[in-house]
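Down below is the structure, laid out as structure tokens.
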Amino acid sequence: MPAVVGEKLSKIFGQGDGQVVALKDADVAVEAGEIVALMGPSGSGKTTLLRALSLIDPPTTGYVAIGNDVVFEGARVLTDDRQLRRKRMGIIFQAYNLIPFLTSVENIALVLTLNGISRREAMARANKLLSRLELGHRAETYPATLSGGEQQRVAVARAVINDPAVILADEPTAALDTERGKAVMDLLRQLGRVQGAAVIVVTHDERMIEGFDRVYHMTDGRITNH
Amino acid sequence: MNLAIRDVKYRFGRFLLTAFGLGLLLATVMAMGGIYRGMVEDALSIVRAPGADLWVVQKDTNGPFAETSRIPDDLYRVVRAVPGVREASPIAFQSVQLDYGSRSVRVQMIGYRPGNLGAPPAVAAGRPLAASRYEMVLDRKAGIPIGARLPMGRVTFTVVGLTEGIVSSSGDSTAYVSLQDAQELQFLKANEAVRNERARLQAGLGANPALASLSAASLAPILQNTNLANAILVRLEPWAEPNAVAKRMERWNHYRAMTTAEQEDVLAKNVIERARQQILLFRIILLSVSTVIIALIIYTMTMEKTRDIATLKIIGAPNVKIGSLILQEALALGLLGYGFGAVLINLVYEYFPRRVAILAFDQYVLFGIVVAICVLASIVGIRRALSIDPTTAMGGGA
């Protein structure tokens, strides 16, 4: 059974003559442990699809299931979207989006504390993961003083710390040079496989395409092949 | 994990500076409250100082503070005979200007009979009046030391003692002198006025053949009367009821007897009411300004965190977590600002030229108001935070 399924997803912005169709009947299904890329030119609907699957910006119509749970059907959200993301998803942003007033380790531990885990345990687990990612020495550092590559690795750690079923990454290497971008992508693939998460990575960088199990191509809101 | 503490710690310098600015504003609110209280206390201190139960004044006046009241000083003998009266003594009030060195100091001069009612309740330094003439007990606020010699009119006073905290309704320091000195200063006419009066009198005598043989110079001393006072202070026997005694005295034709409560009421309502209302209104305006400023600060702090709040929403932080971040920061800002304000005003209030009465009750009330303002202001921030679109945190790609 796929870890995440999206069927006939459509997203329409605006009304009447100003209507913009950003997604048209998009179908996606990613198995646990599978890593897929979502590629396409700018404005093709990649980020919109990611937002739709995570219910950050739910689709206008369609069907979304995470594991056995149908979370969106028809035009209705069937679950608490924040709880869904908190417990079962990890999300990585293009601009890292670390909370500036939290240290690296606190940024990671925050996800666990939001899930009800004690601060002490959350900090211990976050520190352990940072050490695994060879960022132990930067644990008490604020994001502003981390390099771009370091920030994105911390962001990846934040996304995987709660063992999510689905990891969604929106152009995670766009702000990094090739070498650092590849390092982040390798880390994402490695952690995704180890944790058995379904990983969907939005990218338009052909150089990053190696190592993905499948690639979805999008054009004008449609998935053209995979 | 407490996000508010982390955020405050991260931006501590700026947060501290903002709280300090707010503290200055709240210190102003506290000062205005203190000035308001001080004005009332000042006004009442002069009424309460003699410890009288009744004030006998000229009929149809609210004297001696609100209106001019002139009565014969020996009226006290008649008053003393009224059942229930234990003590009675005349008192005279006059606003004068003292010259000390290069300084001019306005004082409320109080003339009383030494050893009788009307004396200052306590002398903080030096001694009370002992001689019947030319001695003065000043309030410390005048800044004139014991031993200073102060010429006034035809007499020169020597400062023999200092009081503390007894001032007039306008905040001027008090100066206690003997009744005789006060009468001379208030009622004795100047030489020029005496000459004019004698000339008018002489003209009047000349116009009347029956009086033509009289000389104005011989009549003038008889007509010139300084045996006046502004009020008779009355202290009652413990069993006497002030209103009943006052009613009895008012049956006389030319006098009015006011209880101390009535006198305080006249002062509070007639003399300082407008100033009191002005300060109260200014206080309300300051509190309104504080509310707007706190709301703006909280709103700005929230706006600065738009992206962070959007990120928190994406990683699944519930609204309660986001709301408590803003509420806690608003409260921390308000309480720290209040703390700064309270420390500041307690350090400087004694240096204000007029009395600033900082009362614990007022401080507690303001504390409650600040907490309420912070909660209200944070509602503005929370509403803004909850309306932030989580997609703000993501790239703009489609």
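The values are calculated or read from the model by the stated rules, or taken from the named source; none is laboratory data. A quick note: this is a predicted structure, and the numbers were derived from the prediction, not measured. Here the Cβ positions follow ideal geometry from the backbone for every residue, glycine too, while neighbour counts run over all protein chains shown. With ligands, DNA and RNA removed, areas are computed over all heavy atoms of the protein, side chains included. Shrake-Rupley method; radii C 1.70, N 1.55, O 1.52, S 1.80 Å.
If I take every Cα pair under 8 Å that is 6 or more residues apart in chain A, average their sequence separation and divide by the length, what percent do I get for the relative contact order?
30 percent
What's the FRET efficiency of B:Glu250 with B:Val194 using the Cβ-Cβ distance as r and R₀ = 35 Å, to the nearest 0.05?
Efficiency, rounded to the nearest 0.05: 0.45.
Could you report the buried accessible area between A and B, both sides summed, computed with a 1.4 Å probe and given in Å² to the nearest 100?
In total, this chain pair buries about 2800 Å².
Quick one: net charge of B:Arg235's neighbours, Cβ under 9 Å, K/R +1, D/E -1?
Summing Lys/Arg as +1 and Asp/Glu as -1 gives -2.
Just by accessible area at a 1.4 angstrom probe, what is the order of B:Ser215, B:Ser168, A:Ser42 from largest to smallest?
Result of the area sort, largest leading: A:Ser42, B:Ser215, B:Ser168.
Take chain A, connect every pair of alpha-carbon atoms lying under 10 Å apart with a spring to form a Gaussian network, then pick out the residue of A:Asp17, A:Asp163, A:Asp57 with the largest mean-square fluctuation.
A:Asp17
Return the ratio Rg/(2.2 N^0.38 Å) for the range A:129-226, where Rg is computed over Cα atoms only.
It is 1.13.
With everything on Cα atoms, drop me the angle between helix A:178-195 and the longest principal axis of chain A, reported from 0 to 90° to the nearest 10.
Helix A:178-195 sits roughly 90 degrees off the main axis of chain A.
Scanning chain B for helices, which whole DSSP H stretches are 15 Å or more long along the axis (Cα) and average 0.0 or more by Kyte-Doolittle?
Correct list, ordered by number: B:12-48, B:273-304, B:319-348, B:360-386.
Set Lys and Arg Cβ to +1 and Asp and Glu Cβ to -1, take the dipole of the range B:275-339 about its Cα centre, and tell me which of B:Ala317, B:Ile293, B:Ala275 lies farthest positive.
After comparing all options, I get B:Ala275.
Apply the Karplus parameterisation 6.51 cos²θ - 1.76 cosθ + 1.60, with θ equal to phi minus 60°, to every residue of the range B:141-154 and state each ³J(HN,Hα) to the nearest whole Hz, in sequence, with x for glycine and proline.
Rounded to whole hertz, the list is 4, 5, x, 10, x, 4, x, 5, 10, 10, x, 9, x, 8.
Accessible area of the protein assembly as shown with a 1.4 Å probe: how many percent of it is carbon plus sulfur?
Roughly 54 percent, rounded to a whole number.
Straight-line reach only, C-alpha to C-alpha below 16 angstrom: list the aspartates and glutamates that A:Lys24 could link to, leaving out same-chain residues fewer than 8 apart.
Hits, sequence-local ones excluded: A:Glu7, A:Asp57, A:Glu73, A:Asp220.
Take the Cβ-Cβ distance between A:His217 and A:Ala144 as r, set R0 to 41 Å, and report the resulting FRET efficiency rounded to the nearest 0.05.
Computed FRET efficiency for A:His217 and A:Ala144 comes out at 0.65.
What size of dipole, in debye to the nearest 20, comes out for chain B about its Cα centre when the only charges are +1 on Lys and Arg C-beta atoms and -1 on Asp and Glu C-beta atoms?
In debye, rounded to 20, chain B gives about 480.
Given N residues in the range A:1-128, what is Rg(Cα) / (2.2 N^0.38 Å)?
Compared with the compact-globule rule of thumb, the range A:1-128 sits at 1.21.
Using amide H atoms built in the peptide plane, which far-off residues or other-chain residues are under 5 Å from A:Ile91 H to H?
Residues meeting the amide H criterion: A:Leu168.
Report the calculated FRET efficiency for B:Ala207 and B:Glu350 (r = Cβ-Cβ distance, R0 = 56 Å), to the nearest 0.05.
0.30
Run through the DSSP bridge list for the protein assembly as shown and note the antiparallel percent, rounded to the nearest 5.
For the protein assembly as shown, the DSSP antiparallel bridge percentage is about 65.
Going by a 1.4 Å probe on protein heavy atoms, which residues of the range B:352-398 end up with at least 50 Å² less accessible surface in the whole assembly than in their chain alone?
B:Thr391, B:Met394, B:Ala398
Scan around A:Thr219 for amide H atoms under 5 Å from its own, H built in the peptide plane at 1.01 Å from N, and keep only partners 5 or more places away or cross-chain.
Long-range HN contacts for A:Thr219: A:Thr224.
With a probe of 1.4 Å, find how much accessible area chain A has per residue, and write the answer as a whole number in Å².
With the other protein chains kept in place, chain A gives 41 Å² per residue.
Under 12 Å from the Cβ of A:Val70, count the other residues' Cβ atoms, weight Lys and Arg +1, Asp and Glu -1, and hand me the total.
-2
With a 1.4 Å probe and every protein chain left in place, tell me how much accessible area B:Thr163 has, in Å² to the nearest 10.
We get 0 Å² for B:Thr163.
Could you rank B:Trp239, B:Trp55, B:Trp252 by how accessible they are, 1.4 Å probe, largest area first?
Accessible-area ranking of B:Trp239, B:Trp55, B:Trp252, largest first: B:Trp239, B:Trp252, B:Trp55.
From the protein chains alone at 1.4 Å, what is the descending order of accessible area for A:Phe212, A:Phe72, largest first?
Heavy-atom accessible area, descending, gives A:Phe212, A:Phe72.
Taking N as the number of residues in chain B, what is its alpha-carbon radius of gyration divided by 2.2 N^0.38 Å?
1.48
Can you give the relative contact order of chain B as a percent, counting alpha carbon pairs under 8 Å and 6+ residues apart?
Across chain B, relative contact order equals 28 percent.
Which whole-Hz couplings ³J(HN,Hα) result when phi for each residue of the range A:202-212 is put into the Karplus expression 6.51 cos²θ - 1.76 cosθ + 1.60, θ = phi - 60°, listed in order with x for Gly and Pro?
Each residue's phi maps through the Karplus curve to give 7, 8, 10, 9, 4, 5, 8, 6, 4, x, 7 Hz.
Treating only the Cα positions of the protein assembly as shown as identical point scatterers, give the base-10 log of I(q)/I(0) from the Debye formula at each q in 0.05 Å⁻¹.
With one equal scatterer per Cα and no solvent, log10 I(q)/I(0) is -0.48.
List the residues whose amide H sits under 5 Å from the amide H of B:Glu135, counting only those 5 or more places along or on another chain, with H placed 1.01 Å from N in the peptide plane.
Counting only residues 5 or more places away or on other chains, the set is B:Thr158, B:Ser178.
In terms of Cα to Cα distance under 25 Å, which lysines are near enough to A:Lys128, apart from those fewer than 8 places away along the same chain?
Those lysines meeting the cut-off are A:Lys87, A:Lys182, B:Lys9.
Output the relative contact order of the range B:80-171, whole-number percent, from Cα pairs under 8 angstrom with separation of 6+ residues.
24 percent
Using the Cα centre of chain A as the reference point, and only Cβ charges (+1 on K/R, -1 on D/E), how large is the resulting charge dipole? Debye, rounded to the nearest 20.
600 debye
About its Cα centre, how strong a charge dipole does the protein assembly as shown have in debye, to the nearest 20, once Lys and Arg get +1 and Asp and Glu get -1 at the Cβ?
1380 debye
Would you check the accessible area of B:Ile369, probe 1.4 Å, heavy atoms only, in square angstrom rounded to 10?
60 Å²
What residues does the range A:35-58 have that are buried by at least 50 Å² of accessible area in the full protein assembly compared to the chain on its own, 1.4 angstrom probe?
By number: A:Arg51, A:Ile56.
Just the number, please: percent antiparallel of the DSSP beta bridges in chain B, rounded to the nearest 5.
So the antiparallel bridges amount to about 75 percent of the total.
Kindly report, to the nearest 10 Å², the accessible surface of A:Glu31 as traced by a 1.4 Å probe over protein heavy atoms only.
Around 80 Å² of this residue is reachable by solvent.
Under the rule a/c < 1.5 gives rounded, and otherwise a/b versus b/c splits prolate from oblate, where does the range A:13-72 land using the Cα gyration tensor?
oblate
How would you classify the range B:49-271 from its alpha-carbon gyration tensor, with a ≥ b ≥ c the square roots of the eigenvalues: rounded for a/c under 1.5, else prolate if a/b is greater than b/c, otherwise oblate?
oblate
Sort the range B:18-175 into rounded, prolate or oblate with this rule: let a ≥ b ≥ c be the square roots of the eigenvalues of the Cα gyration tensor; rounded if a/c is under 1.5, and if a/c is not under 1.5, prolate when a/b is larger than b/c, oblate otherwise.
Because a/c hits 1.5 or more and a/b fails to exceed b/c, the range B:18-175 counts as oblate.
Taking a probe of 1.4 Å, how large is the accessible area per residue of the range B:49-271, in Å²?
Spelled out: the 1.4 Å probe surface of the range B:49-271, per residue, equals 48 Å².
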